[in-house]
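Quick notes on the structure that follows.
The values are calculated or read from the model by the stated rules, or taken from the named source; none is laboratory data. This structure is a prediction, so every number in the text was calculated from the model and none was measured. Don't worry about glycine lacking a Cβ; one is built from the backbone with ideal geometry, like all the others, and counts go over all protein chains shown. Side chains are part of the model used for accessible areas, which takes the heavy atoms of the whole protein and leaves out ligands, DNA and RNA. Shrake-Rupley method; radii C 1.70, N 1.55, O 1.52, S 1.80 Å.
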Amino acid sequence: MKVGFIGLGNVGGKLSGSLLRNGVDLTVHDLDGGLVAGFVDRGAKAGEGPAQMMRDCDAVITCLPSPAASDAVMQKMLPEVTGGKVWMEMSTTDEAEVKRLGAEVIARGGAAVDCPVSGGCHRADTGNIAIFAGCERATFEAILPLLTTMGRRILHTGPLGSASVLKVLTNYLATAHLVASSEALTTAKAAGMDLNTTYEAIRISSGNSFSHETESQVILNGSRDISFTMDLVRKDIGLFQEVANRAGVPLEMNPLMIRIFDDAIARYGARELSPNVIRRLEEATGLDVLAPGFPAEMTDDEPEAPGYEVIPKGAGRSQTGG
């Protein structure tokens, strides 16, 4: 299968790297020519642009920073969509938008999948990230070898759009955990607690979360580098708010988090690293929430392993591996 990959940023560059590392026939494209050149040096082909890539590839993957960027790329690809072509949207995007664009692909005889990832850039780099996939079951089975090359745990979430709903839901939870961890660590510091001990107390207790085990470490190091920025957090929780609004759910925590990140962006800038939301509390208390012995960035200590489909409890099918 010939695969095109558009968007070689923090996440896309790592996902496409897994494809290239595992021998996939890969064509890449990005507005940053330097990123493309790096992939060409490693054996990928340089794409001329979205239209040529859809014309010449069996599947084209997009991993872009916004729904607007995906739409702009898709408008160039649509005239080249024919029977058998597959569009795989790995961006974090709006459910309604991916359904709209996917419907245009399907109307031309192609197949569409929303397949965002979750688990952090460090796991994307090793092929150990989780991937959600919303599409017809037959399409899912056809692209599963690609998904298991890029990710470890693969979940078929249902029809097109379902993966995008679950992605922004999980990002909402990660943001809630980040904000709560920031408050917990700052309060521990203010109360005179040793922060190394505090980190371990949270890690081994009911207060633990994936966000704590990753973001709290780079917070305490001081680098605050989780390869994710405040504008992206704001986009994701904004998308989650739109899902809730359409469903008629009167959220209370998410609107507060939107206000928190709007304030943080106003103070520090949209491209500030997202864990630096804790600076609001550090400045309010005059404290530096730092501790020795924590890494400046996260690395995945799990070796790369074959991916497999995750079967939801009660679904009635046996897991295919892992």
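Listed by first and then second residue, the pairs with beta-carbon distance under 7 Å, at least 6 apart or on different chains, first residue in the range 180-197 and touching a residue at least 40 places away in the same chain (Cβ under 8 Å) and part of a helix (DSSP H, G or I), second among the polar types (S, T, N, Q) and open to solvent by 50 Å² or more (accessible area, probe 1.4 Å), are Thr186/Thr285; Ala190/Thr285.
Residue count for the range 233-249, restricted to those that are out of contact with any helix residue (DSSP H, G or I) (no Cβ under 7 Å at 6 or more places or on another chain) and within 16 Å of Ala174 (Cβ to Cβ): 1.
Quickly run through the range 95-117 and pick out the residues that are in a loop (DSSP other than H, G, I, E, B) and surrounded by fewer than 24 Cβ atoms within 10 Å (Cβ to Cβ). First the steps, then the outcome.
So in the range 95-117, the residues in a loop (DSSP other than H, G, I, E, B) come out as 108-110, 115-116.
Correct list: Arg108, Gly109, Gly110.
Could you tell me whether the range 232-244 includes any residue that is in a loop (DSSP other than H, G, I, E, B) and at pLDDT 95 or above? Checked against the condition, which is being in a loop (DSSP other than H, G, I, E, B) and at pLDDT 95 or above, the range 232-244 yields no hits at all.
For every residue, the table says whether it meets (1) among the small types (Gly, Ala, Ser); (2) over 15 Å from Leu178 (Cα atoms).
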| position | (1), (2) |
| --- | --- |
| Gly238 | yes, yes |
| Gln241 | no, yes |
| Ala244 | yes, yes |
| Ile260 | no, no |
| Ala266 | yes, yes |
| Gly269 | yes, yes |
| Ile278 | no, no |
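Condition first: without any contact (Cβ under 8 Å) to a residue 40 or more places away in the chain and within 25 Å of Arg267 (Cβ to Cβ). Now tell me which residues in the range 217-253 satisfy that. The answer is Arg234, Gly238, Gln241, Leu251, Glu252. Number of residues in the range 190-232 that are among the basic types (Lys, Arg) and farther than 16 Å from Asn276 by Cβ equals 1.
Considering only the range 266-285, how many residues are of a type in the set (D, E, K, R) and surrounded by fewer than 15 Cβ atoms within 10 Å (Cβ to Cβ)?
First pass over the range 266-285, keeping only residues of a type in the set (D, E, K, R): 267, 271-272, 279-280, 282-283.
Filter once more, keeping what is surrounded by fewer than 15 Cβ atoms within 10 Å (Cβ to Cβ): 267, 271, 283.
Qualifying residue count, the range 266-285: 3.
Of all residues in the range 200-218, those satisfying the criterion of being open to solvent by less than 50 Å² (accessible area, probe 1.4 Å) and closer than 11 Å to Met298 by Cα are Thr214, Glu215, Ser216, Gln217, Val218.
Test Thr126 against the stated conditions and say whether it is modelled with pLDDT of 95 or more and in a loop (DSSP other than H, G, I, E, B).
Values: modelled with pLDDT of 95 or more: no; in a loop (DSSP other than H, G, I, E, B): yes.
It is false that Thr126 is modelled with pLDDT of 95 or more and in a loop (DSSP other than H, G, I, E, B).
In the range 86-94, is there at least one residue being surrounded by fewer than 17 Cβ atoms within 10 Å (Cβ to Cβ) and touching a Ser or Thr at 6+ places or on another chain (Cβ under 9 Å)? Scanning the range 86-94, I find no residue that is surrounded by fewer than 17 Cβ atoms within 10 Å (Cβ to Cβ) and touching a Ser or Thr at 6+ places or on another chain (Cβ under 9 Å), so the answer is no. Summed over the range 265-301, residues that are polar (S, T, N, Q) and part of a loop (DSSP other than H, G, I, E, B) total 1. Scanning the range 115-129 for residues that are out of contact with any helix residue (DSSP H, G or I) (no Cβ under 8 Å at 6 or more places or on another chain) and either among the basic types (Lys, Arg) or within 19 Å of Leu160 (Cβ to Cβ) (or both) yields a single hit, Arg123.
Selection within the range 31-51: residues that are part of a loop (DSSP other than H, G, I, E, B) and over 18 Å from Val105 (Cα atoms). The member of this set that is most open to solvent (accessible area, probe 1.4 Å) is Leu31.
Could you check, for the range 132-150, whether at least one of its residues is open to solvent by 10 Å² or more (accessible area, probe 1.4 Å) and not in a helix (DSSP H, G or I)? Yes, there is a match, as at least one residue in the range 132-150 is open to solvent by 10 Å² or more (accessible area, probe 1.4 Å) and not in a helix (DSSP H, G or I). Taken over the range 14-30, the residue count meeting the criterion of being open to solvent by less than 30 Å² (accessible area, probe 1.4 Å) and out of contact with any strand residue (DSSP E or B) (no Cβ under 9 Å at 6 or more places or on another chain) is 1. Across the range 52-75, not a single residue is classified as in a loop (DSSP other than H, G, I, E, B), open to solvent by 30 Å² or more (accessible area, probe 1.4 Å), farther than 27 Å from Val243 by Cβ and free of Cβ contacts under 8 Å to residues at least 40 places away in the same chain.
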